[in-house]
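The values are calculated or read from the model by the stated rules, or taken from the named source; none is laboratory data. Treat the numbers as computed from the prediction; the structure is a model and nothing was measured. All Cβ positions, glycine included, derive from the backbone under ideal geometry; neighbour counts span all protein chains shown.
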Amino acid sequence: MLIFAHRGASGVEPENTLRSIRTALAAEVDGIEIDIHEVDGKLFVIHDRWLHRTTSGHGQIFNYDYQYLRSLDAGDGEVIPTLDEVLKLIAGKCTINIELKAVKNLTLLFSCIDDAIKTTELLSKDVLFSSFNHRLLHAIHQQRSDFAIGALTACYPLDYAKFAEQLNAYSVHLDVDFISEHFVADAHKRGLKVFVYTVDELEDINAMKHLGVDGIFSNYPTKAKSHIAHL
Ligand code: G3P
Ligand code: CA
């Protein structure tokens with residue numbers, strides 16, 4: 001069972017910061033999940049479109065420019081990282097799951113990733129895109145079939161097999177509340193990996209292992225890794 005650090009090691013470090021990613025890498029995770037927003041022609045690694053929960057700023061991220069957003073404290077003196085900074089840090093070390101929150105310009109997104117592929121050890125096979133916006137995933141699939149797609153769902157999707165097929169998805173990402181033996185068996189029969197979020201409690205980790213899911217997203221990847229090693 002693979003361990004993805006959810007927003008980096010966000011249970012112990014400020015989420016979606018370089019610091020949280022360094023801590024996750026030190027735990028030798030299999031993958032790191034981040035969230036991105038496109039603002040002022042740049043790709044920022046941040047979960048919310050409102051600034052107050054995770055930074056020293058207030059208001060909506062879209063009302064500000066690059067310089068202002070980079071002046072904010074994203075926790076423990078960290079800045080809001082950009083996607084290229086994160087790619088540089090993760091390249092060659094593990095899978096990067098880029099969850100697209102608000103991204104309109106796919107050319108910008110692809111050029112950021114292609115630059116990293118050219119200049120770092122990043123490989124296209126190590127990039128896994130996911131989003132609740134399946135229209136966006138569909139556009140990615142049409143333009144770049146070299147990137148893997150994770151069909152992310154927030155509910156128990158009755159038609160998941162249909163959209164997974166339309167997206168030629170590699171994986172389906174399901175909330176821990178909705179996972180079942182039947183779902184795992186059905187997804188596996190269709191050749192889909194099953195990745196479950198967000199799994200922090202040891203009891204839940206045991207249950208996911210028992211169900212045979214392929215990976216979990218955890219805010220505490222160090223704890224999750226050491227727990228699994230002893231199962
Ligand atoms: O990608 C899994 C999970 O991160 C989706 O939910 O709200 O934490 O981005 P959220
Ligand atoms: Ca996310």
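A few remarks follow.
Okay, residues lined up against (1) closer than 18 Å to CYS94 by Cβ; (2) surrounded by 21 or more Cβ atoms within 10 Å (Cβ to Cβ); (3) of a type in the set (A, V, I, L, M, F, W, C); (4) modelled with pLDDT of 95 or more:
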position	(1), (2), (3), (4)
LEU2	yes, no, yes, yes
ALA9	yes, yes, yes, yes
THR17	yes, yes, no, yes
GLU28	yes, no, no, yes
ILE32	yes, yes, yes, yes
ASP35	yes, yes, no, yes
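- Complete set of residues in the range 77-100 that are surrounded by fewer than 19 Cβ atoms within 10 Å (Cβ to Cβ) and either at positive phi or within 16 Å of ligand 1 (Cβ to nearest atom) (or both): GLY77, GLY92
- ALA151 within 16 Å of ligand 2 (Cβ to nearest atom), without any contact (Cβ under 8 Å) to a residue 60 or more places away in the chain and either assigned to a loop (DSSP other than H, G, I, E, B) or not charged (D, E, K, R) (or both): yes
- Listed by first and then second residue, the pairs with beta-carbon distance under 6 Å, at least 6 apart or on different chains, first residue in the range 123-135 and modelled with pLDDT of 95 or more and within 13 Å of ligand 1 (Cβ to nearest atom), second among the small types (Gly, Ala, Ser) and assigned to a strand (DSSP E or B), are LEU128/ALA148; LEU128/GLY150; SER130/GLY150.
- In the set (1) surrounded by 23 or more Cβ atoms within 10 Å (Cβ to Cβ); (2) within 14 Å of ligand 1 (Cβ to nearest atom); (3) part of a loop (DSSP other than H, G, I, E, B), HIS47 fails one condition alone, (1).
- Qualifying positions in the range 64-76 - small (Gly, Ala, Ser) and assigned to a helix (DSSP H, G or I): SER71
- Number of residues in the range 80-100 that are of a type outside the set (Ser, Thr, Tyr), more than 16 Å from ligand 2 (Cβ to nearest atom) and without any contact (Cβ under 8 Å) to a residue 60 or more places away in the chain: the value is 5.
- Output for the range 152-169, where each listed residue is hydroxyl-bearing (Ser, Thr, Tyr), within 16 Å of ARG135 (Cα to Cα) and more than 14 Å from ligand 1 (Cβ to nearest atom): TYR160
- All conditions in (1) more than 25 Å from LEU106 (Cβ to Cβ); (2) of a type outside the set (S, T, N, Q); (3) within 14 Å of ligand 2 (Cβ to nearest atom); (4) out of contact with any helix residue (DSSP H, G or I) (no Cβ under 9 Å at 6 or more places or on another chain) hold for HIS47, with the sole exception of (1).
- Subset of the range 192-230 that is in a loop (DSSP other than H, G, I, E, B) and of a type in the set (A, V, I, L, M, F, W, C) - its residue that is surrounded by the fewest Cβ atoms within 10 Å (Cβ to Cβ): LEU192
- Set side by side, the residues ASP175, ASP115, ASP159 differ, and just one is under 23 Å from ASN105 (Cβ atoms) and surrounded by fewer than 20 Cβ atoms within 10 Å (Cβ to Cβ), which is ASP115.
- Qualifying residue in the range 77-98 (condition: within 29 Å of VAL194 (Cβ to Cβ), among the basic types (Lys, Arg), modelled with pLDDT of 95 or more and in a strand (DSSP E or B)): no
- Qualifying residue in the range 101-123 (condition: under 20 Å from THR198 (Cβ atoms) and either in a strand (DSSP E or B) or away from ligand 2 (no atom under 14 Å from the Cβ) (or both)): yes
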